[in-house]
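Every number in this text was worked out from the coordinates using simple rules, so none of it is lab data. From a predicted model like this one, the values you see are computed outputs, not experimental measurements. As a convention, Cβ positions derive from the backbone with ideal geometry for all residues, glycine included, and neighbour counts pool all protein chains shown.
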Amino acid sequence: MQLYATLADLLADARGSDRSIRFIDGADDESVVTFAALWDQAIGFLGSLQQRGLTCGDEMVIFTRSNEKFVVAFWAAILGGLVPVPVAVGIGDEHRLKLFRILLQLQRVALCTDSDLLDRLLELSRSQSCDEVARILDKLTVLTSSVSNGGMGMPCKVSPDDIAFIQYSSGSTREPKGVCLSHRNLCINIRALVERVEWHDQDSALSWMPLTHDMGLIAYHLCPLAAGMNHAIMDTGLFVRRPLLWMIKTDQLRATQLCSPNFGYKHFLSIFARKVLPDLDLSCVTLITNGAEPISFALSEAFLDALAPYGLKKSSMFPVYGLAEATIGVAMAKVGDEFSKIIVNRHALKIGDSYESVATDNIDAVSFVKIGSAIRDVQLRIADNADSELDAGKVGHVQVLGASVARRIYGDASACADLFTGDGWLRTGDCGVIVDGKLVVTGRSKDIIIVNGQNYYPHDIEEIASRVSGLDLGKVVVAGSRSSDGETEELLVFVLYRQDIQTFPRVVEAVRASISGQTGLAVDHVIPVSKIPKTTSGKIQRAKLLDAYLDGEYDAALRQLSFIIIPAEVDADPRVAELETIAKEIVKTLPIGPDVNLFEAGLDSLELTEIILAIEDRHPGKFQAIDVFDHPTLRGIADFIAHRN
């Protein structure tokens, strides 16, 4: 495909096609914007920005829940030579405080947001005494509802090496890290991605990934524009509430290109197990891009098997690897490659050592997905701790070189310098190995746990615990910490648990037995936590949990656990017992008492949705989702259903 000089050139070319973007906000709530109309709307919005004094080179944070408003604001900034800065809205003050840190870090900043979000931001800035943020919000905010009533905006000429937009890391506990992506970075990577997946103008894409995430914005908006493809963007919250709608819309739109990380497959399958899909034809799907977090082969296989009767092809699963510092894409499968894995000895993954293949039934077996080779304009190598290249088959640090690699971290020259080796290769922070010419990623180097001289990856141990004990991925976090004598590494397991600590010892026993039986490792502490800290894109923040442990925040709980005797749990009311059984099937390691408020039980929104849907299925016509607000306990729901008989 054509190599564009800037993103503005890309959109200028796209507006000549008859293709469009569909924004899906509900089962029957959609809007369609042609590429040509997108140009017109962006130019109109640019006029509003310029009337308010924004000029070429200014930074504009985009903070909105609406995908359609986001896209228009993004392209208005691009056409005007502004620097868009996508920031996820998220939930709660933690995400808003991250926004504050970004606003204070940027030098020529304005904020583009929704009116209701602005009200909440102003309230928080005043309660936190953030005077400088309050000044920015008061004086330098443009609402997404702004529409130019006068003249249209005037595009600004930019060069390929100008910053196109700033991709901030999704971490919220430390100073946010803004990766400055140039037009050249993006256009080179977009061409490479489109060529590798073999997209063309007869393809169509459907994504529920947020546009503040590089997979949502670059891979499933900018790339389809460049390829001249129709594409649909589903609201992420809608997918969370109604995951089956993802496949229903795929059939309706005859989408050929989909994407999802592990989270999406898991969430879909959890609802699919109890809800029947209509008679769909998914044979239209050519590729499902799988990336953004460690790829679970077993989960991917379960998803493909579940949808095979609907025509979804086994060959559609398409693993990818990338990172923001390299724009997005680094290594990918090739169309037609078999989705495959390697099975290795988990004790033979030390940096510099050759991986050791083992049989599937070996107690020390761990599997990793074979992703693929480097894409066009990207070089890939595996290096030792001294940044020297290793031979194929040896485990080491994944490093990248190429024209799509960003060269600047906003306002942090030292962080940028630390990213690169002496000979200019980007340190990705991941470990991996080359097998049959394909990259296999084994884990994050900073998360490696070293016990008795052996390397262990947290994700591997987390999968073991979740599979055997019933702890879902994302609710159990494994980390290593140097003991007080500095000589040994402590193996810590943090478990999301907001119920009475008196029942937690069952979980402790199950986790210890699970991990010991599969790895031979002894767990030092299993720690109940009320929250698993995650970034806005869903990545676990192990460092935050470790800091809390080292600061002694869990000492009292650990002392209490050592003296607990587990009480018996019985409820005499059979209607309540039935609902407790339903809840236990969904949340296996978090006992939900009959009188516990479901909104305060430590459930995430997905689990609460699953429980409600399961009760609806068991008692059709007698209980609806809205009823849980008036009857938020299992006993209350049981009484409500009884009176409806």
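The figures follow:
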| quantity | calculated |
| --- | --- |
| Residue-averaged 222 nm ellipticity for the chain, from DSSP H runs of 4+ at -39500 (n - 2.57), nearest 500 | -10000 deg cm²/dmol |
| Local electrostatic count, Val395, Cβ distance below 14 Å [Lys/Arg +1, Asp/Glu -1] | -2 |
| Efficiency of FRET between Asp353 and Glu293 - r from beta-carbon atoms, R0 35 angstrom, step 0.05 | 0.85 |
| Full-stretch length increase - Glu301, Gln128 - with 0.36 nm per residue and alpha-carbon distance subtracted | 57.5 nm |
| Arg376 paired with Asn345, simple spin-label distance in nm, labels 7 Å along Cα-to-beta-carbon | 4.3 nm |
| Cα-projected label distance for Arg506 with Val240, points at 7 Å along beta-carbon direction, nm | 2.8 nm |
| (1) 73, 66, 56; (2) 78, 67, 60; (3) 161, 80, 38, with the label sought being that of the calculated Cα extents along the principal axes in Å | (1) |
| Local electrostatic count, Phe272, Cβ distance below 13 Å [Lys/Arg +1, Asp/Glu -1] | +1 |
| Length released on extending from Ala37 to Arg101, taking residue separation times 0.36 nm less the Cα-Cα span | 19.6 nm |
| Amide H contacts under 5 Å for Thr34, placed H, 5+ residues apart | Ile21 |
| Extension gain from Asn597 to Thr360, taking 0.36 nm per residue of separation minus the Cα-Cα distance | 81.0 nm |
| Cysteines having no other Cys beta carbon under 4.7 Å from their own, within the chain | Cys112, Cys130, Cys180, Cys187, Cys223, Cys259, Cys284, Cys416, Cys431 |
| Estimated FRET transfer efficiency when R0 is 25 angstrom, pair Asp9-Ser414 (beta carbons, to 0.05) | 0.15 |
| Considering only segment 53-209, percent of DSSP beta bridges that pair antiparallel, nearest 5 | 30 percent |
| Which listed pairs, of Lys266/Lys394; Lys275/Lys314; Lys69/Lys249, have C-alpha distances above 25 Å, in listed order | Lys266/Lys394 |
| Proximal lysines to Lys534, defined as alpha-carbon separation beneath 17 angstrom and excluding residues fewer than eight positions away on the same chain | Lys98, Lys177, Lys446, Lys475, Lys544 |
| Beta bridges by DSSP in the chain, antiparallel share as percent, to the nearest 5 | 65 percent |
| Dipole in debye (nearest 20) - the chain, about Cα centre, beta carbon charges: Lys, Arg +1; Asp, Glu -1 | 860 debye |
| Listed residues Gly228, Leu217, Gln202: farthest to the positive end of the dipole of segment 170-243 (Cβ charges) | Leu217 |
| Computed E for Ile626/Glu94 - FRET, C-beta separation, R0 30 angstrom, nearest 0.05 | 0.60 |
| Cut-off 16 Å (backbone N to label point 7 Å along Cα→Cβ of Ala273), residues of segment 284-316 | 298-307 |
